[in-house]
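The values are calculated or read from the model by the stated rules, or taken from the named source; none is laboratory data. Predicted, not measured: the structure shown is a model, and the values here were computed from it. In this analysis, Cβ positions are derived from the backbone assuming ideal geometry, glycine residues included, and neighbour counts consider all displayed protein chains. Note: accessible area is taken over every heavy atom of the protein model, side chains too, but ligands, DNA and RNA are not part of it. Shrake-Rupley method; radii C 1.70, N 1.55, O 1.52, S 1.80 Å.
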Amino acid sequence: MRLTKFGHACVRIAHDDHVLVLDPGMFTQSEAVEGATAVLVTHEHADHVAVEHLRATDAPVFTIAAVARAIAEVAPDVSERVTVVRPGETFDVGVPVRAVGEKHAVIHPDYDRFDNSGYLLDLGDQRVFHPGDALTGPDEAVDLLLAPVCAPWLKIGEAIDFARAVGAPRSLAIHDRVYSDAGLGMADQHFRRLLGDDQEWVRLADGAELD
């Protein structure tokens, strides 16, 4: 497995002959989708899905019904390549994937909650979990958690407790465009101090690969 971190919540995972891209949104570099064999989208917010990225590849798109409807409205050409997945469903994108959860985390009680699905990817001897914008865990062992760091719906204590609850031996920071460099530095210190010796914390620059 080779994982590359792109802008904000996007990662690209190469495994065997498959290249999977998760959540290429408005903060994501265009090269993220190069060579993609499948694109997975957790929810409809613009920092997680951008039509121009979906149009830059001919790969099939796997996502929830709410995102499929939004794509159909603005990009019917892309809609032809969209497969809708349901909560709890296991599906095949070249590797087995399970959809986890149904709802976006609460931003404010006065807002309606958006639909959201995390994705648990089975990559041979490695299992990777991307939660999207939610703190809903997969309730099974994970080798690598793609861990949200900062968002209007998230405080640092919640983010750390989520990583603790998932219990992955390694967590990679995602959803990290909201804080300044100083804020991210403070977040890194808290994660490293509070996750403990048995849970490694990693944050990568955009375009960097995970060792």
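Numerical summary
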read-out: From the options 185, 132, 157, residue that is under 15 Å from the mean Cα position of the chain (by Cα) and either free of Cβ contacts under 8 Å to residues at least 24 places away in the same chain or surrounded by 19 or more Cβ atoms within 10 Å (Cβ to Cβ) (or both); value: 132
read-out: Qualifying residues in the range 176-211 (those that are assigned to a helix (DSSP H, G or I) and hydrophobic (A, V, I, L, M, F, W, C)) - the one nearest to residue 143 (Cα to Cα); value: 195
read-out: Answer from 164, 192, 203 - the residue that is of a type in the set (Lys, Arg) and surrounded by 18 or more Cβ atoms within 10 Å (Cβ to Cβ); value: 203
read-out: Boolean, residue 86 is among the basic types (Lys, Arg), open to solvent by 60 Å² or more (accessible area, probe 1.4 Å), within 29 Å of residue 139 (Cβ to Cβ) and touching a strand residue (DSSP E or B) at 6+ places or on another chain (Cβ under 7 Å); value: yes
read-out: Among residues of the range 93-116, those that are over 17 Å from the mean Cα position of the chain (by Cα) and open to solvent by 80 Å² or more (accessible area, probe 1.4 Å), counted; value: 6
